Every structure is written in structure tokens, then in C-alpha cells.
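Participant: Here you go, one structure.
The values are calculated or read from the model by the stated rules, or taken from the named source; none is laboratory data. As the structure is a computational prediction, the values presented were derived from the model and not from experiment. So basically every Cβ, Gly included, is an ideal-geometry build from the backbone, and we count neighbours across all protein chains shown.
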Amino acid sequence: MTGCSRRTGPPIVTDHLGEELRLLEAVADAQRALLGMRRRADARDALVAYVERLGASVAPAHPPTDATLPVDLSVGEGLPVVPVAPPGTPLRSRLERTLPELVHQAHAAAARCDELATARLDGDRDPVTGAPTRGRLLAALEHAVPGEDRLLGMVVGGEGWAIEPFGRMRTDGLVRALADVVRSLRAPTDHWGRLGGYGVAVLALRSDEGRTGSFLAEVQRRWLEERGLDVHLRTADVAITSPPVASLDHLEAELARRATAASSGRDDHGGRR
């Protein structure tokens, strides 16, 4: 065929096409980073890295300038930050075309991370009381300071206290009521968790017997107000020893001793009631 030739060599990549391919590659890498994120801050870092990879910079959102784009890259993590690119430039155009969708994907990925974190937290909660599990309490005890912190235990009923007189639903209700009292009274800095059986424990940080004694007395007072005398509440208070995690065994042994004393007609100090 005359007047027509066919190119048989490799395709010509123009500067514009090359820039578009690099842009697509940068977008794909940012999306991969979002898929692999483990915390909300990772979404912010992925967006900032994308902007900087394209050649733009990042600045605080306030005060705004002509060069800043009104697109918050923080994803709710820290102070708002925005990309900076001169108006009317190809760089600005690329950011305006790609960032809104990437930011939307970042928020969706961050929300998924938040849901997973909540699910993991729920897995560390006792389903009856909402208190942290015994395992979480043991983890907190690993950082307790002997001679400075104390461990308190509060248990519904005495030794051998069984479900039979009350039924499972009422038993769970009593333990839940105890947890509600403890939750409302404990200091925000104190750790707490579910004990085996029908009780909860509080790791009181930087506490002496005066403070912990007052706390237990207030728990008893509130318990009597809310539950009357139909079910007794057994309490104990032990100092953190070394190793700190062993203090939980000491606390449960003391609670069992006091329950035995109560069931044999003795008070917590070994005397006849």
C-alpha cells in the first residue's frame, strides 16, 4: 500500500504519558500502603508520603494560602495538614485529580482499623461485667511496683457459694452490679479486671492501706445500699510483692481464707462473730 508506513519498533513514550504512568504507580503504592495499615496514623503517613513522592510538600492547614489545597491529610490523627503546590501547575492538577479519592480510601481504611481495635479490645473484656479479663489484669501486674502499689479483691458470696440459691441469671446480675460499683469508684489511673468465680480486682497504683481501705469501705457501703444484706461481699487488700504477678495468687488465697473464716463463723481477723 503506497503513501502509508507502519512503525515496527517499540512505542514512543511521551513525557506526558511517562508522567501519567508514574502517577498511576504512585497511586497504586499509596493504595497498597493503605491496605497494609495497622493503625490510623499509618493512613496519614501513606497520604503524606504520596504527596511528597509527587514533588509537593505538606504544611499545617492553618493559616491557608493560595498554594495549599483544602484537603486534610491527617485522617483525624494529630493536627490537620494539607498539601502545598503552586496554583496552575501540573503538580497541582495531579493532586486535585487523585487526592480526593485517596483520602476517601484512607478514611475507610482507618475506620476498619478502628473497628478491628475495638474487636480486639472486646476480646479482652469479660462478657458478663465488661471488666478487662484476668489476662489483661496479669499484663498490668507485670508493670506494678512492689512496695508502692496494692491489689484489692472484691467477691460476691463466700467459699462454696454456689449458683443454686440464686440461679445463673441472678448470679451474673450480682457480679455485674459489683463491677458497676467498682467501675464508678476506681481512680482513672488504676487498673482492674475480672477474678475467677464471682469477683473483680483493682490494681491501685501508688497507694497505701489508708487509701485502699477507704476504697473498700466505700464499695461495701454502696453494695449495702444497692443490694441490701441478701448477699455478702468479701474483700481483701494485699501489697504488691515480687514478682508482681504472684500478687494475684496471694489475693485470691486471702479471699478464700476470709470466705472460709466467714463460713465457719469467724470474722476476717479470726475471731468468733
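Participant: Residue under question is Val238, and the condition is that it be under 22 Å from Glu142 (Cβ atoms) and touching a helix residue (DSSP H, G or I) at 6+ places or on another chain (Cβ under 6 Å); does it hold?
Facilitator: Here the answer is yes, as Val238 does meet what is asked.
Participant: Another question, if that's okay. Please go through the range 182-239 and give me each residue that is assigned to a helix (DSSP H, G or I) and either among the aliphatic types (A, V, I, L, M) or touching a Gly at 6+ places or on another chain (Cβ under 7 Å) (or both), ordered by number. Even if it seems obvious, please write down each step before you answer.
Facilitator: Step one: of the range 182-239, the residues assigned to a helix (DSSP H, G or I) are 182-185, 209-227.
Scanning the range 182-239 gives Val182, Leu185, Leu216, Ala217, Val219, Leu224.
Participant: Which is buried (at least 19 other Cβ atoms within 10 Å of the Cβ), modelled with pLDDT under 90 and in a helix (DSSP H, G or I), of Ala261, Ala256?
Facilitator: From the options Ala261, Ala256, the qualifying one is Ala261.
Participant: Still on this structure: Determine whether the range 116-133 contains at least one residue that is surrounded by 18 or more Cβ atoms within 10 Å (Cβ to Cβ) and in contact with a Ser or Thr (Cβ under 8 Å, 6 or more places away or on another chain).
Facilitator: yes
Participant: Go through the range 39-89 and report how many residues are part of a loop (DSSP other than H, G, I, E, B), surrounded by 15 or more Cβ atoms within 10 Å (Cβ to Cβ) and of a type in the set (S, T, N, Q).
Facilitator: Within the range 39-89, residues that are part of a loop (DSSP other than H, G, I, E, B), surrounded by 15 or more Cβ atoms within 10 Å (Cβ to Cβ) and of a type in the set (S, T, N, Q) number 1.
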